[in-house]
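Student: This is the structure I have questions about; it appears just below.
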Amino acid sequence: MDIFVIILYIVFALVGIFCIFIGLPGNFLILLFSSLLAWYFKFEVIKINIIILLVALAILGEVLEFVIGIIGSKKKKASKSAIVGSIIFSIIGAILFAPIFFGLGAIFGAFLGAFLGAFIVEFFKFHDVSKAIESGKGALLGKLGGVLVKTIIGFIMITTTLVNLF
């Protein structure tokens, strides 16, 4: 039974990793699944200090994703409204493209949405295509960087949980 629970944990934790790509708080899902696994083992194998570490890592992942996204946009001189537009359109893109390729289209949609959100806002604000393209690139690069760091943190969380099991 224990091996089945561990395999189930790995599957759900990987779902958490997927959620990161579509703009959902995947590391908090990993935290939830790790906490449930710790509870299943009565906190004897995965102790509460590990859960506290995972909480800190999940929060760090969210903060870094947000900050890196802003830094990417600001490097290309995107306005605050373009940054907000990239966040909103990233979510919309993930939702709209989710039905494509069995849900994998959501990943493409999130990144495309980040670019288009910044591009559209900057274009309507300044009527300058080149500035809008640069802002879109910044939003896209910021999104990529933020997601990469958050994904690495997610895998660190999963690894930390599994190492404590064995």
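Every number in this text was worked out from the coordinates using simple rules, so none of it is lab data. If you're wondering where the values come from, they're calculated on a predicted model, not measured in any experiment. Cβ atoms come from the backbone with ideal geometry, glycine included; neighbour counts cover every protein chain shown.
Student: Give, as a single signed number, the net charge of other residues whose beta carbon lies under 10 Å from the beta carbon of Phe119, with Lys and Arg counted +1 and Asp and Glu -1. Present the calculation step by step, with values, prior to reporting the outcome.
Tutor: Values: positive: Lys131, Lys137; negative: Glu122, Glu134.
Surrounding charge for Phe119 is 0.
Student: Among 10-22, 105-117, 139-151, how do they line up from the highest to the lowest mean number of other beta-carbon atoms within 10 Å? Could the numbers behind the result be given before it?
Tutor: Details: 10-22: 18.5, 105-117: 23.5, 139-151: 21.8.
Taking the mean over residues of other Cβ atoms within 10 Å, the ranking is 105-117, 139-151, 10-22.
Student: Another question, then. Can you give me the Cα centroid spacing of segment 74-151 and segment 3-27 in angstrom?
Tutor: When both Cα centres are located, 24 Å separates them.
Student: So, one more: With the crude spin-label approximation of a point 7 Å out along Cα→Cβ, what separation in nm comes out for Phe12 versus Glu44?
Tutor: It works out to 2.1 nm between the two label points.
Student: What value, in deg cm²/dmol to 500, does the helix sum -39500 (n - 2.57) over DSSP H runs of n ≥ 4 give at 222 nm once divided by the residues of the chain?
Tutor: -29500 deg cm²/dmol
Student: Also, I was wondering about something else. Once the piece of chain linking Ser81 and Leu148 is laid out straight, how much longer is it, given 0.36 nm per residue of separation minus the C-alpha distance between them?
Tutor: 21.7 nm
Student: Hey, got a sec? Which trypsin sites (Lys or Arg not before Pro) in segment 23-126 land in a DSSP loop and have at most 10 other Cβ atoms within 10 Å? Each step should come with its number before you reach the end.
Tutor: Working: sites: Lys42, Lys47, Lys74, Lys75, Lys76, Lys77, Lys80, Lys125; in loops: Lys42, Lys47, Lys76, Lys77.
Those satisfying the criteria are Lys42.
Student: Moving to a separate point now. Hey, can you rank 50-60, 23-33 by average C-beta count inside 10 Å, highest first? The partial results should precede the final answer.
Tutor: Details: 50-60: 17.0, 23-33: 22.3.
Answer by packing, highest mean first, reads 23-33, 50-60.
Student: So, in the chain, how many Lys pairs have Cα atoms under 21 Å apart, if the pair is 8 or more places apart or on different chains?
Tutor: 25
Student: Can you give the Rg to Rh ratio for the chain, taking only C-alpha atoms and Rh from Kirkwood?
Tutor: Ratio value, two decimals: 1.09.
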